[in-house]
Each structure stands twice: as structure tokens, then as C-alpha cells.
Amino acid sequence: MGIFNRATFAGGIHPPENKEFTQACPIESVPLPKQLAVPLSQHLGAPCKPIVGKKDVVSAGQMIGSSDAFVSAPVHSPASGIVRDIALVPHPVIGRTLAVIIDVDREKSEPKRPRCEQFDDSFNPHQWTVEQICTAVHQAGIVGMGGAGFPTRVKIEPNPSMPKEVLVINGCECEPFITCDYRVMLEWTWQVLAGVRLAAKTAGVSRVRIGIEDNKPDAIELFRQAVKTCPDSEDIQVIAVKTKYPQGGERQLIKSVLGKTVPSGSIPPTIGICVLNAATCAAIAEAVALGQPLTHRVVSVTGRAIARPGNYYVPIGMSVQDLIEHCGGLTETAAKVVLGGPMMGCAIADMSTPLTKTSGALTFLTRKEVTEARFRRRQTPCIRCGRCVMACPEKLNPTRIAHAVKAGKLDLAQQYYITACIECGCCSYVCPANIEITGYIKTGKLLLARAQKKI
Amino acid sequence: MLSKITVSPAPHIGQPLSTQRVMLDVLIGLAPAVAASWYFFRWYAVTAIAVCVAGCLAGEWACNLLRRRPNSLGDLSAAVTGVILALSLPPAVPLWVAAVGGVFAIVIVKMVFGGLGSNIFNPAMASRAFLTASFGVLMTTWTVPAGLDAKMGQMAMTNTSATTQATPLAWSKMALKGQVPAKEVSKLAISSFWGQEGGCLGETSAAALLIGGLYLLARRTITLHIPAAVILSAGAAATIGWLIKPDVYVSPWLHLAGGGMMLCAFFIATDPVTAPLTTMGKWIFGAGVGILIILIRLLGEYPEGVMYAVLIMNAFTPLIDRCCRLVPAGGKPNV
């Protein structure tokens, strides 16, 4: 492998990886907190309606919210306990969201442990029919765990109008600091592979491509060895992709591993591709083979401002505050708590925010990091240096869009294809004038949606 | 604990790069040329550069005061304008002309249009055009580089004195009129490259400019597109002329090494504010500058074309930007 033939896309940036805080930390279970707040909307699509009431007794794994809508995913209780309330809890993006608040019965329920030891090379995905797999995936409430949270059933279900040819597995984890998918791929290799094969069977694809960034050579090697046990007919290949942000963006990953470009404004299935995150595949395997709903996930707690960084197997609905306490608390220098990675994550102010199915990381940044980076550095005029244009992985003109939004010209922003922006943050990262380009674009998209009365 | 937590939009990390650092890099890139002009024109060069920079800084400071804006001297952009303007002035220019040029560049060309990032024309070049129009004779008096008087006799020309000298480009203009053989003038290319010929303060040594340009490329302060487009297109245009009439037009090497070509390619045309944003736009802009320089040199009345070439292409920048709109990676969406 030379420098020139590595699978990659045009544009992007190389932020410091900072993976050393947690990449060597094995996945660790956490004790159950006193209270869990399980949000009823942890996915894209219709929010769930609660199907339990106040003071109801719930058991671990019991469904507590569901919806009849096609694009939706039910939610389950991660532990046994009593429903205290159905109330609004803080949400990093939409402000507030409805959640089922459960007082955990810590005597009755044990913290759940990973089930990876139940998968090995003898796994046979053909024990289940496509319908069985689809139902199990839907019933388990599985959504894309990489961040977007799109219901997985909708993605992998056979769809005659959009037949799928290739399944791309996203093992890039291009965000700095985060290592949850990396640890899942290292420790739960067989479970992930089982999920991959189940998803491939369901989607009816002829090829599977697992894309892993080449800064994780051990994960690449493990998967290369593991896929050798699969029958050739399944055609699974592991592809080492160049370490670059945002390699894990699905449009970028498709370009890197298949050389194909997803048309702007449309989704991968329109060109016969289905993309799943590695952790999602592990959840599929657990749901189908063991009947386990998605109630726990691996979260990287990382950064210089947390006492004990690590990769934790966390019940969904656990508050950030509880997790911080379990990790030894914040250091004196803590200045920013980011739900997610530093490039696309949301800075949160309310530590009672619950973790959801899509929360892959909590990044704690110090005052020094925040000050050095962007905060407090004065914004200066755009000098049209073009760094954002060079960095944009979608080949947009970020500075033009940002200026159009700033001037209130949404039609001009649309002419510069504001809707094609994937909000990766590369433009803001490279801007020497310290302009919040991504922030302006996000604002513009929101204003546009409001103008079109979509929300 | 909560009171100390910061909330802001993503991304939460950034490259440790500021406008100030970008401008500082340009100044560092200009350092070899400044050193060369100091070597060739001694203290006169240093004072001229200092006066120009002082004029620019004073203009910026006064304008900020008038516009009630925060002080922006720290971003160093005015200093960059000052140095580039000074390097494009002839060595014998009176210091008050340099000062007027500095003030004009910032106040009229930059601040009146809205300050950093909003000017249409390159401040240094527009100011130089103003000085040329206002003080024609002062702006075309070329002093011999110090210590190089001995070389004067080589061309055996009559109209040279001990203190002034025609520049290589002026020689090539004379070659056009058949006053001197073009072949002889073409031999000046090598000495022009190293800087042993007359010219503006900063144009004398193409080698020094090239070193600074390579530094900017290495620091990624500029991209290769504009310098490559300027040099390739100018080289091509000059070669065509030279192949057609080798006894009238001088060799393309002299065109590349002489005059402000290198200063233009690496430091003037690459001014991000007045150049197009997109890669395609940069190629077009650079090619336009290169071709116009040679057209003016070969067919125009002036011996040097850098200034007007850059100003003309600056005027085209908005149009180029509009024509070279980027197509998103996935093609145009159906909005």
C-alpha cells in the first residue's frame, strides 16, 4: 500500500487524533444509576408514544415506548424498576424531549454485561429468515448508532423499488478522541461480523465492504482474519481507508471504498448501497440471535478534563452527570462537555441530559484546548483564502453560504447548495478568520426549513 | 462547576491558524526579497520599505479611528501591503512618494471599500498605478544596484549614466524598436535572475522571490495554482512571440526572470482577497495575469505589465467567481 492508492475522498482535514486517552481501555460495565431517563425519540422519524404509565413496574428489556409509524424505533427499559414519571428532559439538539423516567430497582437488576462471548466463527446467519431478522431488528429498537439514528429496519429491509447491491460497514470512527467503535471491533469482532452477515442476508446484497481507517491496523487485521471463515459466496472484504476526517461520513466512505458518488440531496439506497455502522451490526446480532433489545451501548468517555477516561458499556437513559461521577468527576480545567466528538458533537450545559442510542462519546475539553482552538479568539473578516473550499468534502463553497446566511439571503444560500452540506465542520476547523461557518450554515438550514414550513 | 462550562456550536476544535499568522507567513516569505533589496540598494531600500509600511499602518490606524472600529493593525495585512508596495517602487523614489503611496493603498484602495477582505483591487498595485500616474518621472528612474557599476559597460549603450540604468525590460522595449539586438538583451536573463540588473526594489532578484514563494507553498499559505498559471501562461505567451520574431522579441527566460514577474506570481496575484476562490477560477485568473503581462510588455507602451495585468484581472475576479461556481460532489441537487 503506497501513499497514492489508499482508498479516500477529496477534501477533508487531519485534526490531531487524540485517541490515546481511551484506545487501550477495554469496554467496562458501569453500575446501574438510581434513575434512568429514557427519551422517547432517539431516532430520526416519528417519536414513540409511551406504553407504560406512572408507577408501572417495568423489567429489564421491556418495551416502554413504540410507534405505528414506519420510520420509527421502539425504546426499552435498560433495567428493572418503577416508572416515576413521563416528563421532559434536556436534549442537546432540540432543547427538550419527552422521556420515561425510571427509578431503578438496584437490588433486583444487575448491570447488563456484553454478550460478545456468545458469538464465534460457527455463526450461521441462515438460521433465521429475512422476515424474522427484520422483525427482531425492529422490535429491538435498533437505530444507526454512528450518530444520525436512522431506524435500521427501514435501511436493511428488502425494498423492491430500490434493490441493494452493496453493504458498506462503517468502521472508520474518524472523529478525534472517540474510540467506542474501535473497541467494539476489537473485542466483539465475531458479534459485529455476525451482525454484518445478518444485515447482508436481509438486504439481499451481493457484496459487503468493511471500511476501517488505517490508524486501526489491529482492527483491520482481526476482521481480515475473521472474514476468512465466512463462505466465499458472501463476498466480504475489509478495506483499509485513509485516516482523514470525515472519512466516516457515509457519502465519503462510499466514495472511498466503492469509488461511487451519492447524488446530492439523495440517500445511498438510490444507488443500491446500504451503510451500517459497526456498533449497529453488533446490536443487530444481539437482537436476532439473543433477542436482546438495544438498551445499552458503548460510550467513550474521553478528553483531558475527565479523571478516568475509558470505554463504558452504559445503559441508555443514564445521565451525563451519573457517568461523570462514575468516571471520577471533571478535572479543575474542564471547560466544555461535548456529547459526541469534538468535530460534530453538541456542547451541553445541563448535565442531566440523558445518553441515547446515538451517543457514542462524551468529550471533555479543557480551558486551554477550547481557548486555543476557537473560543475567545476574535472573529476577523473573511480574507477569501479558500481554505474552507479546499477542505469541504462535498465540494461546496462554505464561505459563500455562510455570508449569504449572515446577510439573510436564503435564496442565495440555496444557489450555493446549502442543502448539500453535511455539517462536518471542516470549514470552521480550517478558517484562519475564526468564522463559525458551520454554525451559520446550520442556522441557514433551520431558517430555510422554517421558511418552507417544514417545521 | 456549571458556571465554568462553555457552550458553542461545533466544531469545538480548530487549527491553530489565524489571519495574523497567514500575514506573518507572507512577511516571512517576503524576507529574502527584502534582504536582497537591502543588499543591492543598501540602506535606501530599508528606509523606503519602512516608510511605506509606516504609511500603510498610519492609514489603517486613522481609518479605524474614523470608522470607530477596533484596531486592526495586529492582523499585519497593512504591513504586507506596505512591503509589497515598497518592493514594487523604483529605488530612487523620494521617501515622501513612498509615504503617499502607503497611505493611498490603505485608505483609498482598502478601507474605503470596507477594509480587510472587501477591497476589489490589490492595494499595493492600485496605489502603484496612482503613483505612476501622478509622479511619472520619479516612478521610472532606475538606479544602478550598488557595486555593479562595472557591469554597465557591457551593453555599450550611450544613454546610461553612472547612477541610472535602463532595466532589462526597458532594454527589451528598445529591442522592439530595433534600437538594440534582441539577442544581446536576452543574455540579461541570468543576471536578472540573480539580481544584478536594475529594477524595482524587490524585483531585482528573482531567486530571492522564488525562495520566499517556495516557503509560502510549503506553509500552504498560497496554493500552486496561481503562481503556476502566471508563470506557465507568461512563459508560453513569451515563447510564442520569441519563436515568431526572435530578432525583435527577447527570450522568454528574460521575461520570467526580469521585472516583477516572480513578485507578481507568488506575492501579488496570490493576494486571496482579490483573486478568485475556486481552483478553476485561480487557473483562469493566473493565466489571464500571465498573458496580459506579456501582451503589455510586447505590444504595449509600458516596459512592464505586472501592475495593469493584476488590476485588470482583479476587476474580472467577481465575474470569474460567478462563472466558476463549484458543483457539489454529488452533482447539482434538485432543489
Original post:
Which of the residues belonging to the range A:88-124 are surrounded by fewer than 13 Cβ atoms within 10 Å (Cβ to Cβ), among the small types (Gly, Ala, Ser) and either over 25 Å from the mean Cα position of the chain (by Cα) or under 26 Å from A:GLY291 (Cβ atoms) (or both)?
Top reply: A:SER122
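Kindly evaluate A:THR135 against the criterion of being farther than 15 Å from A:ILE273 by Cβ, surrounded by 14 or more Cβ atoms within 10 Å (Cβ to Cβ) and without any contact (Cβ under 8 Å) to a residue 12 or more places away in the chain. First the steps, then the outcome.
Values: farther than 15 Å from A:ILE273 by Cβ: yes; surrounded by 14 or more Cβ atoms within 10 Å (Cβ to Cβ): yes; without any contact (Cβ under 8 Å) to a residue 12 or more places away in the chain: yes.
Spelling it out, A:THR135 is indeed farther than 15 Å from A:ILE273 by Cβ, surrounded by 14 or more Cβ atoms within 10 Å (Cβ to Cβ) and without any contact (Cβ under 8 Å) to a residue 12 or more places away in the chain.
For residues that are more than 12 Å from chain B (Cβ to nearest Cβ) and in a helix (DSSP H, G or I), tally how many sit in the range A:309-324. Break it down stepwise before answering.
The initial filter retains those residues of the range A:309-324 that are more than 12 Å from chain B (Cβ to nearest Cβ), namely A:309-319, A:322-323.
Imposing the further condition that a residue be in a helix (DSSP H, G or I) reduces the set to A:322-323.
Count: 2.
Taking the range A:325-343 as the search range and keeping residues that are surrounded by fewer than 22 Cβ atoms within 10 Å (Cβ to Cβ) and in a loop (DSSP other than H, G, I, E, B), which one is farthest from the chain's Cα centre (by Cα)? Even if it seems obvious, please write down each step before you answer.
First, the residues of the range A:325-343 that are surrounded by fewer than 22 Cβ atoms within 10 Å (Cβ to Cβ): A:325-333, A:335.
With in a loop (DSSP other than H, G, I, E, B) added as a condition, the list becomes A:327-329, A:331-333.
On the way: A:CYS327: 22, A:GLY328: 25, A:GLY329: 24, A:THR331: 26, A:GLU332: 29, A:THR333: 27 Å.
Checking each candidate, the answer is A:GLU332.
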**OP:** Could you please give the count of residues in the range A:254-293 that are more than 12 Å from every other protein chain (Cβ to nearest Cβ), in a loop (DSSP other than H, G, I, E, B) and closer than 19 Å to A:ASN170 by Cα?
**Re:** 2
Original post:
Within the range A:409-422, can you find the residues that are facing chain B (nearest Cβ under 10 Å), in contact (Cβ under 8 Å) with a residue 12 or more places away in the chain and in a helix (DSSP H, G or I)?
Top reply: A:GLN414, A:ILE418, A:THR419, A:ALA420
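Could you grab me the full set of residues in the range B:233-274 that are aliphatic (A, V, I, L, M), in contact with a Phe, Trp or Tyr (Cβ under 8 Å, 6 or more places away or on another chain) and either over 30 Å from B:MET23 (Cβ atoms) or at pLDDT 95 or above (or both)? Please lay out each step first, then the result.
So the first thing to find is which residues in the range B:233-274 are aliphatic (A, V, I, L, M), and the list is B:234, B:236-238, B:240, B:243-244, B:248, B:250, B:254, B:256-257, B:261-263, B:265, B:268-269, B:273.
Now restrict to residues that are in contact with a Phe, Trp or Tyr (Cβ under 8 Å, 6 or more places away or on another chain): B:238, B:250, B:257, B:269.
Residues satisfying the conditions are B:ALA238, B:VAL250, B:ALA269.
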Subject >> Candidate set: the range A:433-447, residues that are closer than 25 Å to B:SER77 by Cβ and surrounded by fewer than 24 Cβ atoms within 10 Å (Cβ to Cβ); chosen: the one nearest to the other protein chains (Cβ to nearest Cβ) >> reply: A:GLY439
Original post:
If A:GLY341 passes every condition in (1) within 30 Å of B:LEU277 (Cβ to Cβ); (2) at pLDDT 90 or above; (3) at the interface with chain B (Cβ under 7 Å from one of its Cβ atoms) but one, which one does it miss?
Top reply: (3)
Original post:
(1) within 14 Å of chain A (Cβ to nearest Cβ); (2) in contact (Cβ under 8 Å) with a residue 40 or more places away in the chain: which one isn't true of B:TYR44, the others all being true?
Top reply: (1)
Original post:
Within the range B:298-329, which residues are surrounded by 19 or more Cβ atoms within 10 Å (Cβ to Cβ) and over 25 Å from the mean Cα position of the chain (by Cα)?
Top reply: B:LEU326, B:PRO328, B:ALA329
Original post:
B:THR6: among the hydroxyl-bearing types (Ser, Thr, Tyr), within 14 Å of chain A (Cβ to nearest Cβ) and buried (at least 21 other Cβ atoms within 10 Å of the Cβ), yes or no?
Top reply: no
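For the condition free of Cβ contacts under 8 Å to residues at least 60 places away in the same chain and either of a type in the set (A, V, I, L, M) or crowded, with 23+ Cβ neighbours inside 10 Å (or both), what is the one hit in A:THR399, A:THR356, A:THR363? Spell out how you get there, then give the answer.
Values: A:THR356 fails: free of Cβ contacts under 8 Å to residues at least 60 places away in the same chain; A:THR363 fails: free of Cβ contacts under 8 Å to residues at least 60 places away in the same chain.
So the residue among A:THR399, A:THR356, A:THR363 that is free of Cβ contacts under 8 Å to residues at least 60 places away in the same chain and either of a type in the set (A, V, I, L, M) or crowded, with 23+ Cβ neighbours inside 10 Å (or both) is A:THR399.
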Original post:
Which ones in the range B:292-335 are more than 11 Å from every other protein chain (Cβ to nearest Cβ) and β-branched (Val, Ile, Thr)?
Top reply: B:ILE293, B:ILE294, B:ILE296, B:VAL306, B:VAL310, B:ILE312, B:ILE320
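Within the range A:232-267, track down each residue that is without any contact (Cβ under 8 Å) to a residue 24 or more places away in the chain and buried (at least 21 other Cβ atoms within 10 Å of the Cβ). Break it down stepwise before answering.
Initially, the range A:232-267 is screened for residues without any contact (Cβ under 8 Å) to a residue 24 or more places away in the chain, giving A:232-233, A:259-263, A:266-267.
Scanning the range A:232-267 gives a single hit, A:VAL262.
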**OP:** Return only the number of the condition from (1) more than 8 Å from every other protein chain (Cβ to nearest Cβ); (2) touching a residue at least 40 places away in the same chain (Cβ under 8 Å); (3) over 24 Å from the mean Cα position of the chain (by Cα) that A:LYS406 does not satisfy.
**Re:** (2)
Subject >> So A:GLY425, is it at the interface with another protein chain (Cβ under 9 Å from one of its Cβ atoms), surrounded by fewer than 23 Cβ atoms within 10 Å (Cβ to Cβ) and among the small types (Gly, Ala, Ser) >> reply: no
Subject >> Subset of the range B:148-179 [over 24 Å from the mean Cα position of the chain (by Cα) and either modelled with pLDDT of 80 or more or among the small types (Gly, Ala, Ser) (or both)] >> reply: B:ALA150, B:GLY153, B:ALA156, B:SER161, B:ALA162, B:ALA175, B:GLY178
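Residues are listed down the side, and each one gets a yes or a no for (1) crowded, with 22+ Cβ neighbours inside 10 Å; (2) touching a residue at least 12 places away in the same chain (Cβ under 8 Å); (3) among the β-branched types (Val, Ile, Thr):
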residue: B:LYS187; (1), (2), (3): no, no, no
residue: B:ILE190; (1), (2), (3): no, yes, yes
residue: B:TRP194; (1), (2), (3): no, yes, no
residue: B:GLU197; (1), (2), (3): yes, yes, no
residue: B:LEU201; (1), (2), (3): yes, yes, no
residue: B:ALA208; (1), (2), (3): yes, yes, no
residue: B:THR223; (1), (2), (3): no, yes, yes
residue: B:LEU232; (1), (2), (3): no, yes, no
residue: B:THR239; (1), (2), (3): no, yes, yes
Original post:
What do you reckon, is B:ALA86 away from chain A (no Cβ under 13 Å) and either within 30 Å of A:ILE306 (Cα to Cα) or surrounded by 15 or more Cβ atoms within 10 Å (Cβ to Cβ) (or both)?
Top reply: yes
Original post:
How many of the residues in the range A:344-353 are part of a strand (DSSP E or B) and either aliphatic (A, V, I, L, M) or modelled with pLDDT of 95 or more (or both)?
Top reply: 2
Original post:
What is the residue count in the range A:77-98 for residues that are closer than 24 Å to A:ASP350 by Cα, in contact with a Ser or Thr (Cβ under 9 Å, 6 or more places away or on another chain) and in a strand (DSSP E or B)?
Top reply: 7
Subject >> Residues being at the interface with chain A (Cβ under 7 Å from one of its Cβ atoms) and either among the small types (Gly, Ala, Ser) or touching an Asp or Glu at 6+ places or on another chain (Cβ under 8 Å) (or both) - total across the range B:13-31 >> reply: 5
Original post:
If you check B:PRO90 against the conditions, is it at pLDDT below 90 and either of a type in the set (A, V, I, L, M) or under 16 Å from the mean Cα position of the chain (by Cα) (or both)?
Top reply: yes
**OP:** Look through the range A:369-392, keep the residues that are at pLDDT 90 or above and either under 18 Å from A:GLN414 (Cα atoms) or more than 7 Å from every other protein chain (Cβ to nearest Cβ) (or both), and return whichever of them is nearest to the chain's Cα centre (by Cα).
**Re:** A:CYS392
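Tell me the helices (runs of 4 or more DSSP H) entirely within the range A:128-239 that contain at least 1 residues that are closer than 27 Å to A:PHE21 by Cβ. Explain how you work it out, then say what you get.
Values: elements: A:130-139, A:152-156, A:180-187, A:189-203, A:217-227.
Passing ranges, in order: A:180-187, A:189-203, A:217-227.
The values are calculated or read from the model by the stated rules, or taken from the named source; none is laboratory data. Here the structure is a predicted model, which is why all the values come from computation and not from measurement. In this analysis, Cβ positions are derived from the backbone assuming ideal geometry, glycine residues included, and neighbour counts consider all displayed protein chains.
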